[in-house]
1. Could you check how many residues of the range 138-167 are without any contact (Cβ under 8 Å) to a residue 24 or more places away in the chain, aromatic (Phe, Trp, Tyr) and open to solvent by less than 70 Å² (accessible area, probe 1.4 Å)?
2. Please work out which one of (1) of a type outside the set (Asp, Glu); (2) outside any strand (DSSP E or B); (3) open to solvent by 20 Å² or more (accessible area, probe 1.4 Å); (4) in contact with a helix residue (DSSP H, G or I) (Cβ under 9 Å, 6 or more places away or on another chain) is the condition VAL135 fails and give its number.
3. Please go through the range 146-201 and give me each residue that is at pLDDT below 85, at negative phi and not in a helix (DSSP H, G or I), ordered by number.
4. Just the residues that are surrounded by fewer than 20 Cβ atoms within 10 Å (Cβ to Cβ) and either touching a helix residue (DSSP H, G or I) at 6+ places or on another chain (Cβ under 7 Å) or over 15 Å from LEU145 (Cβ atoms) (or both), please, taken from the range 62-71.
5. Within the bounds of the range 83-103, is there any residue that is at positive phi, at pLDDT 90 or above and either open to solvent by less than 30 Å² (accessible area, probe 1.4 Å) or out of contact with any Leu (no Cβ under 6 Å at 6 or more places or on another chain) (or both)?
6. For a quick check of your reading of the model, give me the residue pairs whose first member lies in the range 96-112 and is farther than 10 Å from PHE43 by Cβ, whose second is at pLDDT below 75 and open to solvent by less than 90 Å² (accessible area, probe 1.4 Å), with beta-carbon atoms closer than 6 Å and at least 6 apart or on different chains.
7. If you check ILE51, ILE45, ILE28, which single one turns out to be under 27 Å from GLN124 (Cβ atoms), assigned to a loop (DSSP other than H, G, I, E, B), modelled with pLDDT of 75 or more and open to solvent by less than 70 Å² (accessible area, probe 1.4 Å)?
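The values are calculated or read from the model by the stated rules, or taken from the named source; none is laboratory data. As the structure is a prediction and not an experimental result, all values here were calculated from the model. When we count neighbours, we look across all protein chains shown, and the Cβ atoms used for this are built from the backbone with ideal geometry, even at glycine. SASA here: full protein model, heavy atoms, side chains in, ligands and nucleic acids out. Shrake-Rupley method; radii C 1.70, N 1.55, O 1.52, S 1.80 Å.
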Amino acid sequence: MIASAQDSQIEAGHTEARHRKVGHTSYIGLGSNLGDRLAYLRFAIEALSKIGQVRVSRLYASPPMGPQDQPDYLNAVVELVTTLSPLDLLDQLQSIELDAGRVRKRHWGERTLDLDLLLYDQDQIQHPRLNVPHVGLMARDFVVLPLLDLLPQATIGEVNLFDLACVQNPTAHAISDLPGQHVVQKAWFHDQLFKVAEKYT
């Protein structure tokens, strides 16, 4: 039997629908250096958990990148499995930032919440609004270190992230490794969303 044009359109529609339902694994960098930094990061994770399944790295402290007349950061990385396309996910991230009161006053300046799409499946994306892998990812220890919590064997191209200079000589440090910060780390993992908690506590 020869399929009609209408049959072909229906099949194409079914294929597109199936593609939309496929879960895509993305990694999102989180940062905050204004106000209640821990609360802002938790706010972001709660919001992300509503659009997919999440796992979360340890919490890190890092000095600011760019202007030094601003507070230190708290950082983490979230693994998010979602059916959203990259640009739809970017829209969601920017919406969450706005809900957290993010105001862009200066380049690399202080912010209540910063969310960066680091990786999306194995895709390489070049778009006026989005580049994946994220530009500068491999030079930023405050991104790579928490990413390695979730992906210990992570590579980009031929590069093993564990071998990067920023990992071997980091300025960012896991909160759990800093004196007197164990209570903060425990608070970070106080609910079941934080799937790697058992590994580090």
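1. Residues that pass the stated criteria total 0.
2. (4)
3. Step one: of the range 146-201, the residues at pLDDT below 85 are 176-201.
Pick out the ones that are also at negative phi and you get 176-179, 181-201.
Passing the criteria: LEU178, PRO179, GLN181, PHE189, HIS190, ASP191, GLN192, LEU193, PHE194, LYS195, VAL196, THR201.
4. Selection gives PRO64, GLY66, PRO67, GLN68, ASP69, GLN70, PRO71.
5. Start the filter on the range 83-103 by keeping residues that are at positive phi, which leaves 101.
Now restrict to residues that are at pLDDT 90 or above: none.
No: the range 83-103 contains no residue that is at positive phi, at pLDDT 90 or above and either open to solvent by less than 30 Å² (accessible area, probe 1.4 Å) or out of contact with any Leu (no Cβ under 6 Å at 6 or more places or on another chain) (or both).
6. TRP108/GLY66; ARG111/ARG102
7. On the way: ILE45 fails: assigned to a loop (DSSP other than H, G, I, E, B); ILE28 fails: assigned to a loop (DSSP other than H, G, I, E, B).
None of the other options fit; the residue is ILE51.
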